[in-house]
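**Q** One structure, pasted below without further comment.
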Amino acid sequence: MSARIRLKKMGSKKRPCYRIVVMDNRAPRDGRTIEELGYYHPVEAEDKQLVINVEKVNSWVQKGATLSDTVHSLLNRQIRATKA
């Protein structure tokens, strides 16, 4: 099984929110998750938009999970925000 860290869409019409999850590579977008690592609410205020457990992400990457492009950019954004 190859794991992938990607977004799972939640929320309602015109008010999306996403969970950052670990899923099987072959699972559908809103399918069964292995573990939840954080969330992303693009319509919220800037300071409440993004929460990611970076330690868990690093743990999964060491186990062989790959990041989607969007999660990779969100992770970089989270790391930059914590350093500032």
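Per-residue answers, yes or no, for (1) under 13 Å from the mean Cα position of the chain (by Cα); (2) in contact (Cβ under 8 Å) with a residue 40 or more places away in the chain:
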{"position": "LYS9", "(1), (2)": "yes, no"}
{"position": "VAL22", "(1), (2)": "yes, yes"}
{"position": "ALA27", "(1), (2)": "no, no"}
{"position": "THR33", "(1), (2)": "yes, no"}
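**Q** Taking the stretch 42-58, which residues are within 18 Å of ASN76 (Cβ to Cβ) and without any contact (Cβ under 8 Å) to a residue 40 or more places away in the chain? Even if it seems obvious, please write down each step before you answer.
**A** Taking the stretch 42-58 as the starting set, the residues that turn out to be within 18 Å of ASN76 (Cβ to Cβ) are 42, 46-47, 49-58.
Across the stretch 42-58, the qualifying residues are PRO42, GLU46, ASP47, GLN49, LEU50, VAL51, ILE52, ASN53, VAL54, GLU55, LYS56, ASN58.
**Q** Within the set of pairs 6+ apart or on separate chains, which have a first residue in the stretch 69-84 that is in contact (Cβ under 8 Å) with a residue 24 or more places away in the chain, a second that is acidic (Asp, Glu), and C-beta atoms under 9 Å apart?
**A** As it stands, the answer is ALA81/ASP47, since those pairs meet every condition given.
Quick note: the coordinates plus some simple rules give every number you see, no bench work behind them. Remember, it's a predicted structure, so these values are computed and weren't measured experimentally. Please note: Cβ atoms are built from the backbone with ideal geometry, for glycine as well, and neighbour counts cover all protein chains shown.
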